[in-house]
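The values are calculated or read from the model by the stated rules, or taken from the named source; none is laboratory data. Since the structure is predicted, the reported quantities are computational estimates derived from the model, not experimental observations. As a convention, Cβ positions derive from the backbone with ideal geometry for all residues, glycine included, and neighbour counts pool all protein chains shown. Just the protein is used for accessible areas: all its heavy atoms, side chains included, with ligands, DNA and RNA removed. Shrake-Rupley method; radii C 1.70, N 1.55, O 1.52, S 1.80 Å.
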Amino acid sequence: MSAATETVKSAPGSDELSRAQSGMDVEQGTSLWTDAWIRLKRNRMALAGGIFLVSLTLMALVTPWIAPYTYEGQDLQLGASAPSAAHWLGTDTLGRDLLTRIMYGSRISLMVGFLATAVALLIGVLYGTISGFLGGRADMLMMRIVDTLYALPFIIFVILLMVIFGRNLLLLFMAIGAVEWPTMARIVRGQVLNLRRQEFVEAAIAMGLSNRKIILRHLIPNVLGPIIVYTTLTIPSVMLLEAFLSFLGLGVQPPMSSWGLLISAGAESMEEYPWLLIFPGLVLSLTLFSLNFLGDGLRDALDPKASKD
Amino acid sequence: MLKFIIKRFAAAIPVLLVVTTLTFFLVRIAPGGPFDTEKAVSAEVMQALKRRYNLDQPVYVQYFDYMKNAIQGDLGPSFKYPGRTVTEMVKTGLPVTFELGVYAMIWALLIGVTAGVVASLRPNTAQDYVPMTMSMIGICLPSVLLGPLLVLVFGLWFEWLPVSGWDSWQHKILPSLTLGSGYAAYIARLSRGGMLEILSQDFIRTARAKGLSNTAVVFKHAMRGGLGPVISFIGPAIAGLLSGSFVTETVFQIQGIGRFYVQAAFNRDYTMILGTTVLFSVMIVFFNLLSDIMAVWANPRLKFETSKGAR
């Protein structure tokens, strides 16, 4: 994920940012966030991405109440039809309303994106913090494990898990999350390793605070910036993975719909009905676009140095 | 240098061992045996089948037998296609996947490096924004979408190129573009970043002050160092291309390893799944190793840092 770090260097105002960061300590924590928010607001693309994502999420949440049709409702007499007044985005080969299918699909796709990322986040942050905090041998061992995990063919493992334990949605979250956490762990560990040597942590240790409290109260809040940035960049890769799996028929199963599944179905009949491919594809691409722009924008705004790690 | 290589090789062995062992036992605990058919099979037939596939032994014996054979390149018989061995199928699929990966890499390097270098020459102008926006589109247009779109436009609407198969050179254009585009986008960003860093250094200013032409500065001086990140990305990228061609091979119906793997996943052809997983791991580990060695060879200081493999 280090590809986007270059943009930080050329971004205007990155020097004032580093000033803001060097002044960052416990009391001034809020000023960094206000600062970051001001900078984020200046980045039009990131803001547009954020607005798109928020509206998409809201729409996905209320879909059962606002969807024009039911998602499995078929109109076999109609069959596939081009976009019209009754069906804004047309219908698929079984006469199901495409707009409705996409709306319901976004529920699944976004849910996979968010939940799988949450799994990755939870494991990665805890693992990284513990590893960085303990240091020494434990750290070395824990990072060696992460290195080993990096060398595994992950997509293959996700497919393997899906084959063995059946294609259920919950497992899909877990499998994808389990695949995405090592990078997060690495980033967090790098940050914690730096924080560990700072006075306020040493003070906390000297005061006799338990490790658990130090980690939860002092360390994790201070690495929140990089965590937020990396989370925004993990969601698109997770959603991509879901689309991959569903496209291959190994992810979400019909009659449920997800964007990957809709694209896969659209690709089958694209010669006669190209809109069945183009509309779901457009939604997926726009979402990935927004997430990437928002992630890059947040990175510029929060300038996590560890993201290079 | 030799010591470094040996050390890295030694570190790779446990990784492969873990993958193989994990996969072996995962596959063993999977529900639904390979011989589950609608028809009831008599006990003797089942017994014979099990003996044929070495399943009548205790699990640990099976495991050691499998490992022994795997090291010698024998990945066992296919459960689904009687009479064919996994090694045989791999032998037919691997060259195709490899060829596809190499072409995709060539596309990715051609497009990516050009776009990145062009963008880095005038940062924050249109010359920067246009290729970088293109690269963002490349990242956000996943192969599940790009593949079908290319087929639709160039194969079905214009009818310029064939839409499936792997025979003539025309067949190879669309699949390798599909597979390579994401990597091209990433390489564009890497080379832009690397070039920007180099172009701001003193020796570049000196070169310009000497009166060297812009071409000489860019091609002779800046690119050598500026493309460092790209070079160290090639190894992981090849590993990724080889083990990431499922979608491309499925869209274009190419009989490569990726397609075999997906089919094996559907057919629950466990020996095939096991064999291909092991193969993929070996390839990933090998190419990561290769790129580590290349990176250290180019920059010996790296020897003391831990590597950051890609998946």
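Could you tell me which of the residues B:169, B:157 is without any contact (Cβ under 8 Å) to a residue 60 or more places away in the chain, open to solvent by 80 Å² or more (accessible area, probe 1.4 Å) and within 11 Å of chain A (Cβ to nearest Cβ)?
B:157
Can you find, within segment A:196-236, the residue that is surrounded by the most Cβ atoms within 10 Å (Cβ to Cβ) among those that are among the small types (Gly, Ala, Ser) and without any contact (Cβ under 8 Å) to a residue 60 or more places away in the chain?
A:204
Filter segment A:262-276 down to residues that are in a helix (DSSP H, G or I) and open to solvent by less than 30 Å² (accessible area, probe 1.4 Å) and give me whichever is farthest from residue B:247 (Cα to Cα).
In the first step, residues of segment A:262-276 are kept if they are in a helix (DSSP H, G or I); the result is A:262-268, A:275-276.
Of the ones still in play, those that are also open to solvent by less than 30 Å² (accessible area, probe 1.4 Å) are A:262-264, A:266-267, A:276.
Numbers: A:262: 15, A:263: 12, A:264: 10, A:266: 15, A:267: 12, A:276: 19 Å.
So, considering only residues that are in a helix (DSSP H, G or I) and open to solvent by less than 30 Å² (accessible area, probe 1.4 Å), the one farthest from residue B:247 (Cα to Cα) is A:276.
Condition first: open to solvent by less than 90 Å² (accessible area, probe 1.4 Å) and in contact (Cβ under 8 Å) with a residue 24 or more places away in the chain. Now tell me which residues in segment B:1-24 satisfy that. Break it down stepwise before answering.
Of all residues in segment B:1-24, those open to solvent by less than 90 Å² (accessible area, probe 1.4 Å) come to B:1, B:4-5, B:8, B:10-12, B:14-16, B:18-24.
Once the filter is applied, which keeps residues that are open to solvent by less than 90 Å² (accessible area, probe 1.4 Å) and in contact (Cβ under 8 Å) with a residue 24 or more places away in the chain, segment B:1-24 yields B:1, B:4, B:5, B:8, B:12, B:15, B:16, B:19, B:20, B:21, B:23, B:24.
Scan segment A:160-170 and give yes if some residue there is open to solvent by 20 Å² or more (accessible area, probe 1.4 Å) and touching a Phe, Trp or Tyr at 6+ places or on another chain (Cβ under 9 Å), otherwise no.
no
For residue B:55, are the conditions met, namely being of a type in the set (A, V, I, L, M), at pLDDT below 75 and either outside any helix (DSSP H, G or I) or farther than 30 Å from residue A:158 by Cβ (or both)?
yes
Can residue A:128 be described as in contact (Cβ under 8 Å) with a residue 40 or more places away in the chain, more than 14 Å from chain B (Cβ to nearest Cβ), within 23 Å of the chain's Cα centre (by Cα) and surrounded by 17 or more Cβ atoms within 10 Å (Cβ to Cβ)?
Here the answer is yes, as residue A:128 does meet what is asked.
Given the residues B:215, B:248, which is the only one that is hydroxyl-bearing (Ser, Thr, Tyr) and open to solvent by 40 Å² or more (accessible area, probe 1.4 Å)?
After ruling out the rest, the residue left standing is B:215.
All but one of (1) free of Cβ contacts under 8 Å to residues at least 12 places away in the same chain; (2) farther than 29 Å from residue B:98 by Cα; (3) not polar (S, T, N, Q) hold for residue B:217, so report the exception by its number.
Checking residue B:217 against (1) free of Cβ contacts under 8 Å to residues at least 12 places away in the same chain; (2) farther than 29 Å from residue B:98 by Cα; (3) not polar (S, T, N, Q), the one that fails is (1).
Of all residues being in contact with a Phe, Trp or Tyr (Cβ under 9 Å, 6 or more places away or on another chain) and open to solvent by 10 Å² or more (accessible area, probe 1.4 Å) in segment B:185-195, which is nearest to residue B:116 (Cα to Cα)? Just the residue, please.
Kept after step one, since they are in contact with a Phe, Trp or Tyr (Cβ under 9 Å, 6 or more places away or on another chain), are these residues of segment B:185-195: B:186-187, B:190.
In the following step, the residues that additionally are open to solvent by 10 Å² or more (accessible area, probe 1.4 Å) were identified as B:186, B:190.
Details: B:186: 9, B:190: 7 Å.
Going through the qualifying residues, I end up with B:190.
Can you pull out every residue in segment A:63-81 that is surrounded by 11 or more Cβ atoms within 10 Å (Cβ to Cβ) and not in a loop (DSSP other than H, G, I, E, B)?
A:63, A:64, A:81
Taking into account only those residues within segment B:125-134 that are in a helix (DSSP H, G or I) and more than 9 Å from every other protein chain (Cβ to nearest Cβ), which is surrounded by the most Cβ atoms within 10 Å (Cβ to Cβ)?
Checked segment B:125-134; the qualifying residue surrounded by the most Cβ atoms within 10 Å (Cβ to Cβ) is B:131.
Where residues in segment B:135-154 are more than 9 Å from chain A (Cβ to nearest Cβ) and free of Cβ contacts under 8 Å to residues at least 24 places away in the same chain, which of them is surrounded by the most Cβ atoms within 10 Å (Cβ to Cβ)?
My answer is B:154.
Could you list, in sequence order, the residues of segment B:58-95 that are hydrophobic (A, V, I, L, M, F, W, C), modelled with pLDDT of 75 or more and closer than 19 Å to residue B:264 by Cβ?
Scanning segment B:58-95 gives B:70, B:75, B:86, B:89, B:90, B:94.
Failed condition for residue B:297, given (1) of a type outside the set (Lys, Arg); (2) in contact (Cβ under 8 Å) with a residue 24 or more places away in the chain; (3) within 8 Å of another protein chain (Cβ to nearest Cβ); (4) open to solvent by 10 Å² or more (accessible area, probe 1.4 Å), with all others met?
(3)
Could you go through segment A:246-253 and let me know if any residue there is open to solvent by less than 10 Å² (accessible area, probe 1.4 Å), away from chain B (no Cβ under 12 Å) and of a type in the set (Ser, Thr, Tyr).
Taking every residue of segment A:246-253 in turn, none turns out to be open to solvent by less than 10 Å² (accessible area, probe 1.4 Å), away from chain B (no Cβ under 12 Å) and of a type in the set (Ser, Thr, Tyr).
With the structure loaded, tell me whether residue A:84 is under 20 Å from the mean Cα position of the chain (by Cα) and either open to solvent by less than 70 Å² (accessible area, probe 1.4 Å) or among the acidic types (Asp, Glu) (or both) or whether it fails that test.
Numbers: under 20 Å from the mean Cα position of the chain (by Cα): no; either open to solvent by less than 70 Å² (accessible area, probe 1.4 Å) or among the acidic types (Asp, Glu) (or both): yes.
Criteria not met by residue A:84.
Residue B:174 - would you say it is more than 13 Å from chain A (Cβ to nearest Cβ) and open to solvent by less than 20 Å² (accessible area, probe 1.4 Å)?
yes
Condition test on residue B:268, is it of a type outside the set (A, V, I, L, M, F, W, C) and modelled with pLDDT under 80?
Criteria met by residue B:268.
Quick check on segment A:236-247. Is at least one of its residues among the β-branched types (Val, Ile, Thr) and in contact with a Gly (Cβ under 6 Å, 6 or more places away or on another chain)?
yes
Please go through segment A:82-128 and pick out each residue that is more than 30 Å from residue A:189 (Cα to Cα) and either in a helix (DSSP H, G or I) or aromatic (Phe, Trp, Tyr) (or both).
Passing the criteria: A:88, A:98, A:99, A:100, A:101, A:102, A:103, A:104, A:105, A:106, A:107, A:108.
Are any of the residues in segment B:225-235 more than 30 Å from residue B:79 (Cα to Cα) and touching a His at 6+ places or on another chain (Cβ under 7 Å)?
Among the residues of segment B:225-235, not one is more than 30 Å from residue B:79 (Cα to Cα) and touching a His at 6+ places or on another chain (Cβ under 7 Å), which makes the answer no.
Pull up segment A:254-286, narrow it to residues that are within 11 Å of chain B (Cβ to nearest Cβ) and among the polar types (S, T, N, Q), then point me to the one that is farthest from residue B:151 (Cα to Cα).
A:285
I'd like to know if segment B:61-71 contains one or more residues that are over 29 Å from residue B:174 (Cα atoms) and β-branched (Val, Ile, Thr).
The answer is yes, given that some residue of segment B:61-71 is over 29 Å from residue B:174 (Cα atoms) and β-branched (Val, Ile, Thr).
Do we have residue B:116 as touching a Pro at 6+ places or on another chain (Cβ under 8 Å), at pLDDT 75 or above and in a helix (DSSP H, G or I) here?
Considered against the rule, which asks whether it is touching a Pro at 6+ places or on another chain (Cβ under 8 Å), at pLDDT 75 or above and in a helix (DSSP H, G or I), residue B:116 comes out as yes.
Just give me the residues in segment B:90-118 being more than 30 Å from residue B:269 (Cβ to Cβ), among the hydrophobic types (A, V, I, L, M, F, W, C) and open to solvent by 10 Å² or more (accessible area, probe 1.4 Å), in sequence order.
Residues of segment B:90-118 more than 30 Å from residue B:269 (Cβ to Cβ): B:106-118.
Pick out the ones that are also among the hydrophobic types (A, V, I, L, M, F, W, C) and you get B:106-111, B:113, B:115, B:117-118.
Of everything in segment B:90-118, those that are more than 30 Å from residue B:269 (Cβ to Cβ), among the hydrophobic types (A, V, I, L, M, F, W, C) and open to solvent by 10 Å² or more (accessible area, probe 1.4 Å) turn out to be B:106, B:107, B:109, B:110, B:111, B:113, B:115, B:117, B:118.
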